[in-house]
1. List pairs: first in the stretch 326-352 and closer than 20 Å to ILE19 by Cα and touching a residue at least 24 places away in the same chain (Cβ under 8 Å), second of a type in the set (Lys, Arg) and assigned to a loop (DSSP other than H, G, I, E, B), Cβ under 7 Å, 6+ apart or cross-chain?
2. Just for the stretch 138-190: of the residues that are assigned to a helix (DSSP H, G or I) and farther than 25 Å from ILE242 by Cβ, which one is modelled with the lowest pLDDT?
3. Suppose we keep only residues that are of a type in the set (S, T, N, Q) and closer than 19 Å to SER7 by Cα within the stretch 32-60. Which one would you say is surrounded by the most Cβ atoms within 10 Å (Cβ to Cβ)?
4. Given MET373, MET351, which one is closer than 16 Å to GLU252 by Cβ, out of contact with any His (no Cβ under 9 Å at 6 or more places or on another chain) and crowded, with 23+ Cβ neighbours inside 10 Å?
5. Need the failing condition index for LEU202 against (1) touching a residue at least 40 places away in the same chain (Cβ under 8 Å); (2) in a loop (DSSP other than H, G, I, E, B), just the number.
6. I need a count of the residues in the stretch 280-313 that are in contact with a Ser or Thr (Cβ under 7 Å, 6 or more places away or on another chain) and not hydrophobic (A, V, I, L, M, F, W, C).
7. Consider GLY241 carefully, then state whether it is surrounded by 17 or more Cβ atoms within 10 Å (Cβ to Cβ), under 14 Å from the mean Cα position of the chain (by Cα) and in a helix (DSSP H, G or I).
8. Quick one: which residue in ILE407, ILE361, ILE397, ILE372 is on the phi < 0 side of the Ramachandran plot, part of a strand (DSSP E or B) and of a type in the set (Val, Ile, Thr)?
Amino acid sequence: MRAPLLSESDGSLLSSRTISRPHAMFQRLARHKPLARIGRTGVHVVSSWSLIDEVLSREDDFSANLTGVLVVGADGVPAAFDLPPSEGTKVIATADNPRHEVHRRLLQSHFSPAAISQLEPFITNAVKIEISSIASQGGGDLVPICERVPALVVARLLGLPEQDVEHFRTWAMMGGDMLAGLVSADTMGFLATETALMSDYLGRHLDGAAASDSHSGYTPLLSVLKDSVERAELSRGEALGIAVVLFGAGGESTAALIGSSIKKLAEDAKLAALLRKNPALIPRFVEEIVRLETPFKFHYRAVKGVTQLGGYDLQHGDRLMLMWAAANRDASQLEDAGQLRLDRKHPKAHMGFGRGLHFCIGAVLARLEARIMLEHLLAATDQLTLEKNAWQYTPSIFIRRLEKLHIGF
């Protein structure tokens, strides 16, 4: 027996209303339709904590490789867009073992808590410059700040020229566009062209990266990747794919987290005042925003063969959308799942950074960037105000990122 349909129209997931305010739908799916089909696309939404956990434990049945995405078809209804096989769709978050272990091991030392802590002075300086500029104007659209700081940090990690930040900031925020769900097949072609330009930019810097030097104190990741290619540990395609993923995911997800955090504080003056008075609570606040406004709302899995999930049949070639954002509001797993609480016993017990083998390698860095931004923004202001209709989320079923956020100080 096949899983029930997501909805009668199958367009609710892609509606502008759901994109803007998806939370009621997430909670409803987690409770009543933990596994649901999207029309005839072969794509299934997995929304409950328990089913997502099961999928993650069954790597032999479900591949992390990105084989296709959900798009709006020519007739206006959801359709599946198959992606051609490439090394770039089988790296880090989209790689299966044993290659995933190789990729993660190469990057792990750069994303350890000790290594990330060394970036704090750089991040703090970048944040101070950005906040000083916007504070002198009495506020404004904070989206450029939310995007520029993470883009600068990614540039620092990879070894890209910081003066290129305005050149590549748009590319860094484009990573989720291909997964947005609201793009047509024609738009997918445009995105493919832009991705090729981004890949060319990163490829030139990868090929030109200096050899790593263990005595210099810091080795950019592009140098690490280049060395791995020269040792035949990675192919050039894998190395470039890893750079593309870090470039996009590291910038866009953190920008999304920071933007949603600022919006919430502007909406809740009492909460902002509490965090100004007790900045030690900011990390707990960040965890709740990751949970409630999950930056990457889902990731795909590909069904490897005929199997079952939740008592329903799945076929080879079907795809699953592991809806982290819905699991994070699963009332069977979390008390007051729809409420922001700073007193949770286990504040990190959520799926906002994924879970299991593919837990986000950049989680420590994202938390640090968000904490520093909020600490300095709150310290530099007496109040944050949000005008009506002054915010807008980017039209995407994948990324929960603001593309407009006008804040008054």
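1. ALA337/ARG329; GLY338/ARG329
2. Let us first name the residues in the stretch 138-190 that are assigned to a helix (DSSP H, G or I), namely 143-158, 162-172, 177-179, 185-190.
From what's left, farther than 25 Å from ILE242 by Cβ: 143-145, 185-187.
Numbers: VAL143: 96, PRO144: 94, ILE145: 95, ALA185: 64, ASP186: 70, THR187: 73.
The qualifying residue modelled with the lowest pLDDT is ALA185.
3. The first filter runs over the stretch 32-60 and keeps only residues of a type in the set (S, T, N, Q), leaving 41, 47-48, 50, 57.
This time we only want the ones that are closer than 19 Å to SER7 by Cα, so: 41, 47-48.
Details: THR41: 19, SER47: 30, SER48: 22.
Across the stretch 32-60, the extreme among qualifying residues is SER47.
4. Numbers: MET351 fails: closer than 16 Å to GLU252 by Cβ.
Residue meeting the stated conditions: MET373.
5. For LEU202, the exception is condition (2).
6. 4
7. On the way: surrounded by 17 or more Cβ atoms within 10 Å (Cβ to Cβ): yes; under 14 Å from the mean Cα position of the chain (by Cα): no; in a helix (DSSP H, G or I): yes.
Judged against the criteria, GLY241 is not a match.
8. Details: ILE361 fails: part of a strand (DSSP E or B); ILE397 fails: part of a strand (DSSP E or B); ILE372 fails: part of a strand (DSSP E or B).
Selected residue: ILE407, the only one of ILE407, ILE361, ILE397, ILE372 that is on the phi < 0 side of the Ramachandran plot, part of a strand (DSSP E or B) and of a type in the set (Val, Ile, Thr).
The values are calculated or read from the model by the stated rules, or taken from the named source; none is laboratory data. Keep in mind the model is a prediction, meaning the values are calculated, not measured. Here the Cβ is made from the backbone with ideal geometry for all residues, glycine too, and neighbour counts use every protein chain on show.
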